[in-house]
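The values are calculated or read from the model by the stated rules, or taken from the named source; none is laboratory data. The structure displayed is predicted, hence computed values, not measured ones. Neighbour counts run over all protein chains shown; Cβ positions are idealised from the backbone, glycine included.
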Amino acid sequence: MSRFEVLSPVGNGEMLVAACRAGADAVYLGAKEFSARRNAENFDDNALKEAIKYCHIRGVKVYLTLNIQIKDSELSSAVDLARRAYNYGIDGVIIADLGLADVLHRLIPELNLHASTQMTVHTPAALQILKNAGFTRVVAAREMSRGELRELCKRSKELNIEVEVFVHGALCMSVSGQCLLSAFLGSRSGNRGLCAGPCRLPFAAKGGTGYDLSLKDLSLLPHIKELCDMGVTSFKIEGRMKRPEYVAAATAACREAVDSGSVPNELDSTLKNVFSRSGFTDGYYVNQLGREMFGIRTKEDVTAADKAFPKIHELYRAERRTVGIKAEITVRKDIPVTLTLDDGENRVTVKGDIPKTAQTRPITPEALKSGLDKFGSTPYLLEEITVNCGEGLFVSAAELNSIRREAAELLDGKRGEVRRVQSEAIYTPTERKKKRTAEPKLYARFEDISQIPRNLSGISAVIFPLEMDFDINIDGVELIADIPRGIVSEALIRKRLRSFKEKGFTAAVCGNLSAVQIAKEEGFKIIAGTGLNVLNSESAAAVSAMGAERVILSNENTVKDAAGLNSPVPTGIVAYGNIPLMLFKNCPLKNGRECAKCDKKGSITDRKNTEFPVRCRMGYSELLNSVPVWLADHREELKAVDFTVLYFTNETAERANEVINAYKNGLTADTEYTRGLFYRGTL
């Protein structure tokens, strides 16, 4: 096998066979629970065990997707699933939840942890945190350019962390792990594995196509050699919800690209036909964003796929014989025929009958070699054979076939064995003591200096975006910098933090792991932001261990979840504001106009004519909800947390003052609003 890994998606048994036979070095799949593709068929306990065995016989690794955010009530079951998978021989688990990762690293330290792309790792600073947390591999964010990937690979090599990169398949408009659109619009959480894909519906930017949240599918296959050279370990294909034919075509194409540096024209054409959205894009990688990256699935795309499917079956009709073996057969007078197979690690021996004396045509070494070299229905490739053959003896073709099949089955058994100490890990929640105030403190986050009211009575802290230039003179409140969730330049973040420190800022809201590392190194107190997706007690403890002194919980927590959270540090929620629903590297407004012609404040409109504001933040942009969350009149419920954040975006100073007073006095809303997910939660 190449030192570079072709990693294929598997949603059911037929896809598993297609992936292995088309050339996968590894597959990733989900169990019936805790997978980011919960709508795929996936694998029950017995099917998971058999899938691992099937793959290991063929020299293919298996990674289990445990890549959703986990609730406290689910932690025990998630750990139990990981334990069973480990005992079945799983080669690694893909994790999105920081708390689950911490628990698994403590309870099953031998289990390989892969940081899911939903952890939004897109700059090198995050890697040290992942290393400390026990991760052996990181799945890079899909939005990274070649230059950014090169820097990530350079740092990963220093830390001995493997880098996995998506090279083919669907592209979400939002950065993975940072999308709440499906959750807020219909309670189907993408972070919990049930995204309804509302971004593929009509959303219109001014001057756009009308489908301005829908990107073409990704293809980096032409760049595989360059990715190999920069140090990428694993080349990942998206598609656990697609058909086996797609998996076979994409795997075969990626296999060719890794092995030879290019994809044959016919296979490349087949792959384009089997599934695309108006073609493919490499826009993020080559740093060419804008209109060319957008696309939808057309009738022509569907028609092309229907024609391509019959041809693709040939790609996985037969076993892929890639497991090299050596054989030794002995045919001697008065002793049983003996066949030994050796794959370099496993050795099996089968004995047959004592050979008879030949009446007419005695067996020859050449005939024995010919009779044994028939492993076509197995993954075995006979590379070397040693023959010890006496004269005048007879062995039938049927007996040769029988001992060859028996030996191959024994070798299957050896290769499929689980050779590790079985884990008996059981998760027990940690008891923690945390003081909680009777009334939560009020923090106010402003987008612009002009929004800040003169009277900030009752406000304990002011949060200000790191990208804003301003002169501030506020006494008696804590000053907190808000680091964007999307980081284009770590150097720029450091420069801005130093500038903010000179203005009296002492803490920073960190919505991704790189921000945590950078802010800590720059001497700021750490406040874990919503982008870190703290949904359970262990995640709160994990970010605390990273240095966070406070945690703003995930916007997917319910009030009940927040009240029951067992956190070692103070917790808060965003209790007011137009919640950011998506994070973009390729701004949807670019589908209608260039950045130079944009005032950095636009909007997109859905098919119901609902308007969603878009805000630019230091090279990334965010889609805001159409109406604000309002919880001012739920003061008792807000006591579930230690502080609440009022998230001001387009409000005037007068309106901000009215909202602050409403939250100080428990007033009902005087505008259209939503309760967010604080009561209805997600599926």
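Candidates are the residues of segment 338-357 that are touching a Pro at 6+ places or on another chain (Cβ under 9 Å) and not aliphatic (A, V, I, L, M); the one that is surrounded by the most Cβ atoms within 10 Å (Cβ to Cβ) is Pro355. Here Lys61, Lys49, Lys71 are screened, and the one residue that is touching a Phe, Trp or Tyr at 6+ places or on another chain (Cβ under 8 Å), at negative phi and not hydrophobic (A, V, I, L, M, F, W, C) is Lys49.
Does any residue of segment 9-26 turn out to be more than 30 Å from Gly344 (Cα to Cα) and not small (Gly, Ala, Ser)? Yes, segment 9-26 contains a residue that is more than 30 Å from Gly344 (Cα to Cα) and not small (Gly, Ala, Ser).
For (1) polar (S, T, N, Q); (2) under 27 Å from Gly30 (Cα atoms), each residue gets a yes or a no:
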{"residue": "Glu256", "(1), (2)": "no, yes"}
{"residue": "Arg277", "(1), (2)": "no, yes"}
{"residue": "Glu292", "(1), (2)": "no, no"}
{"residue": "Lys299", "(1), (2)": "no, no"}
{"residue": "Thr303", "(1), (2)": "yes, no"}
{"residue": "Arg320", "(1), (2)": "no, yes"}
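The residues listed here are Ser73, Ser156; of these, the one that is in contact with a helix residue (DSSP H, G or I) (Cβ under 7 Å, 6 or more places away or on another chain) and outside any strand (DSSP E or B) is Ser156. Among the residues of segment 426-448, those identified as surrounded by 11 or more Cβ atoms within 10 Å (Cβ to Cβ) and at pLDDT below 85 are Thr430, Arg432, Lys434, Arg436, Thr437.
All conditions in (1) hydroxyl-bearing (Ser, Thr, Tyr); (2) surrounded by 21 or more Cβ atoms within 10 Å (Cβ to Cβ); (3) assigned to a loop (DSSP other than H, G, I, E, B) hold for Thr209, with the sole exception of (2). A single entry from Tyr54, Tyr86 fulfils the requirement of being within 20 Å of the chain's Cα centre (by Cα), in a helix (DSSP H, G or I) and more than 29 Å from Asn557 (Cα to Cα): Tyr86. Of the numbered criteria (1) in a loop (DSSP other than H, G, I, E, B); (2) touching a helix residue (DSSP H, G or I) at 6+ places or on another chain (Cβ under 9 Å), the one Met241 fails is (2). Among the residues of segment 310-319, those that are under 19 Å from Asp268 (Cβ atoms), surrounded by fewer than 17 Cβ atoms within 10 Å (Cβ to Cβ) and touching a residue at least 40 places away in the same chain (Cβ under 8 Å) comprise Lys311, His313.
None of Lys503, Lys495 is free of Cβ contacts under 8 Å to residues at least 12 places away in the same chain and out of contact with any helix residue (DSSP H, G or I) (no Cβ under 9 Å at 6 or more places or on another chain) except Lys495.
When you check Gly177 against the structure, is it in the same structural domain as Ile70 (by TED's automatic domain parsing), at pLDDT 95 or above and at positive phi, yes or no?
No; evaluated as a whole, the condition is false for this residue.
In segment 256-271, the count of residues that are hydroxyl-bearing (Ser, Thr, Tyr), in the same structural domain as Arg155 (by TED's automatic domain parsing), under 20 Å from Val6 (Cβ atoms) and touching an Asp or Glu at 6+ places or on another chain (Cβ under 9 Å) is one or more. Scanning segment 1-56 for residues that are among the hydroxyl-bearing types (Ser, Thr, Tyr) and within 25 Å of Asp229 (Cα to Cα) returns Ser2, Ser8, Tyr28.
Go through the residues of segment 554-561 one by one and say whether even a single one is of a type in the set (A, V, I, L, M) and touching a strand residue (DSSP E or B) at 6+ places or on another chain (Cβ under 8 Å). Steps first, answer last, please.
Here is the first cut: in segment 554-561, the ones of a type in the set (A, V, I, L, M) are 559.
Filter once more, keeping what is touching a strand residue (DSSP E or B) at 6+ places or on another chain (Cβ under 8 Å): none.
Within segment 554-561 (the criterion being of a type in the set (A, V, I, L, M) and touching a strand residue (DSSP E or B) at 6+ places or on another chain (Cβ under 8 Å)), the answer is no, since none of the residues qualifies.
Considering Val488, Val543, the condition of being more than 17 Å from Tyr647 (Cα to Cα), in a loop (DSSP other than H, G, I, E, B) and either aromatic (Phe, Trp, Tyr) or in contact (Cβ under 8 Å) with a residue 40 or more places away in the chain (or both) is satisfied by Val488 alone.
Look through segment 556-576, keep the residues that are assigned to a loop (DSSP other than H, G, I, E, B) and in contact with a helix residue (DSSP H, G or I) (Cβ under 8 Å, 6 or more places away or on another chain), and return whichever of them is nearest to Phe678 (Cα to Cα).
As a first pass, look at segment 556-576 and keep what is assigned to a loop (DSSP other than H, G, I, E, B): 556-558, 565-570.
Still in the running and in contact with a helix residue (DSSP H, G or I) (Cβ under 8 Å, 6 or more places away or on another chain): 556, 565-569.
Values: Glu556: 7, Leu565: 14, Asn566: 18, Ser567: 18, Pro568: 22, Val569: 21 Å.
Ranking the qualifying residues of segment 556-576, first place goes to Glu556.
Has segment 254-263 got at least one residue that is more than 27 Å from Arg137 (Cβ to Cβ) and surrounded by 19 or more Cβ atoms within 10 Å (Cβ to Cβ)? There is no residue in segment 254-263 that is more than 27 Å from Arg137 (Cβ to Cβ) and surrounded by 19 or more Cβ atoms within 10 Å (Cβ to Cβ). For segment 212-231, the tally of residues that are more than 16 Å from the chain's Cα centre (by Cα) and either outside any helix (DSSP H, G or I) or free of Cβ contacts under 8 Å to residues at least 12 places away in the same chain (or both) stands at 10. A single entry from Ala541, Ala563 fulfils the requirement of being among the small types (Gly, Ala, Ser) and either crowded, with 23+ Cβ neighbours inside 10 Å or at pLDDT 95 or above (or both): Ala541. Would a scan of segment 103-119 turn up a residue that is at pLDDT 95 or above, assigned by TED's automatic domain parsing to the domain that holds Gln69 and farther than 21 Å from Ile90 by Cβ? No, segment 103-119 contains no residue that is at pLDDT 95 or above, assigned by TED's automatic domain parsing to the domain that holds Gln69 and farther than 21 Å from Ile90 by Cβ. Meeting the requirement of 3 or more residues that are aliphatic (A, V, I, L, M), the strands (runs of 3 or more DSSP E) wholly within segment 577-683 are 580-584.
Taking the criterion of being assigned to a strand (DSSP E or B), closer than 30 Å to Thr378 by Cβ and touching a Ser or Thr at 6+ places or on another chain (Cβ under 8 Å), the only residue of segment 57-70 that qualifies is Thr65. Arg615 fulfils the conditions (1) surrounded by fewer than 24 Cβ atoms within 10 Å (Cβ to Cβ); (2) over 28 Å from Ala662 (Cβ atoms); (3) not small (Gly, Ala, Ser) except for a single criterion, (2). For beta carbons closer than 8 Å, sequence separation of 6+ or different chains, a first residue in segment 1-26 that is under 13 Å from Lys61 (Cβ atoms) and a second that is assigned to a strand (DSSP E or B) and among the basic types (Lys, Arg), the qualifying pairs are Glu5/Lys61; Leu7/Lys236; Asp25/Lys61; Ala26/Lys61. Being loosely packed, with under 15 Cβ neighbours inside 10 Å and in contact with a helix residue (DSSP H, G or I) (Cβ under 7 Å, 6 or more places away or on another chain) is a property that holds for Gln422. Of all residues in segment 459-499, those satisfying the criterion of being more than 19 Å from Thr123 (Cβ to Cβ) and of a type in the set (Ser, Thr, Tyr) are Ser460, Ser499.
Looking across segment 388-422, the residues that are within 19 Å of Ala367 (Cβ to Cβ) and part of a helix (DSSP H, G or I) come down to Ala397, Ala398, Glu399, Leu400, Asn401, Ser402, Ile403, Arg404, Arg405, Ala407.
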